[in-house]
1. Starting with the highest mean, order 186-195, 227-236 by the number of other Cβ atoms within 10 Å, averaged over the residues of each peptide.
2. Multiply the residue gap between ALA176 and ALA230 by 0.36 nm, knock off their C-alpha separation, and tell me the result in nm, one decimal place.
3. Can you list the HN-Hα couplings for region 62-79, worked out from phi with the Karplus curve (6.51, -1.76, 1.60; θ = phi - 60°), rounded to whole Hz and with x for Gly and Pro?
4. At 7 Å along the Cα-to-beta-carbon direction for both GLU150 and LYS163, put a label point, then send me their distance in nm to one decimal.
5. Counting other C-beta atoms within 10 Å, and keeping those with at most 13, which DSSP coil GluC sites (Glu not before Pro) do you find in region 89-173?
6. Around ASN67, with a cut-off of 15 angstrom between Cβ atoms, what is the net charge of the other residues, counting Lys and Arg +1 and Asp and Glu -1?
7. To make sure I understand the rule: partners must be aspartates and glutamates, Cα under 19 Å from the Cα of LYS163, and not fewer than 8 residues away in the same chain. Which ones qualify?
8. Rounded if a/c is under 1.5, else prolate if a/b beats b/c, else oblate: with a ≥ b ≥ c from the C-alpha gyration tensor eigenvalues square-rooted, which is region 93-143?
Amino acid sequence: MLCTLRCALSKGKAAAALTSAWADLTRGVQAKAAFATGPRQHDTTFYEFRTYTIKPSSMVEFTKLSNENFHIRMARSELIGYWSYELGGLNKVLHIWKYDSFAHRTAVRSKLPQDKEWQEKYICKALPMIEKQEIEIAYLVPWCKLQKPEKEGVYELVTYKFKPGGPAVWGQAFKAAISTHVHNGYANLVGIFNTEYGLLNQVHVLWWNENADSRAAGRHVAHEDARVVAAVRESVRFLDSQRNALLIPAPFSPLK
């Protein structure tokens, strides 16, 4: 009887210890979740945003050079799109590249200096025309897939700078604001990119419109829609700033 009692007590202590350990683990997970800035990035695919400011006197020549030779660079890795700024910036071009991983990018970039055709036909001629280069690395947000418009048009790049805290703070409100625009047919979403390298807490939203007038018309109607106004009003509580640019795709751009 005494042995049985001791065994029962031992099992009880073990169960209590296990329960206590599980409670500690649960609290730890909850604490981590409370401090997390958003869902973990499992997909290693990322996008490189390269923005070049061209010397005003060289813009026409630079455009011609790119139209004639950019296919050489496109053979090395996947170009998502290439645009020139029409409004919201002057003498600027933007190109977005897709990479499977950072190792993939390193492998591609390491071969470019050895590409004699690329160096001689493009780089050596283009560099003297470039005034400034900016590079950002960004991931698609988990709830967005990259879309390709079915026909040619113009693109709008809207850049949001959010208050620190990450998507755990502003993600749901921002998603609601974007979704309201899309679901009510006021704009055509191409992709939403959250910056990993560059200015942090920054999101780029790329939209497509048939032309600048259709974009303006859709925006004016959206501003009179109570659903859009309510969703946007909630999301702007987390904003520090925003800016936009109207982009014209290059003839060789995959996204037209």
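1. Details: 186-195: 20.9, 227-236: 15.7.
Final packing ranking: 186-195, 227-236.
2. 18.5 nm
3. Karplus-based 3J(HN,Hα) across region 62-79 equals 5, 4, 4, 4, 5, 4, 8, 10, 5, 4, 5, 5, 5, 6, 8, 7, 7, 8 Hz.
4. Here the answer is 4.2 nm between the modelled labels.
5. Listed in order of number, the matching sites are GLU150, GLU152.
6. Local net charge: +3.
7. GLU136, GLU196, GLU234, ASP240
8. Verdict is oblate for region 93-143.
Every read-out reported here was derived from the displayed coordinates using simple, explicitly stated rules and does not represent laboratory data. Everything numeric here is computed off the predicted structure, so don't read it as measured data. All Cβ positions, even for glycine, are placed from backbone atoms using ideal geometry, and neighbour counts span all protein chains on display.
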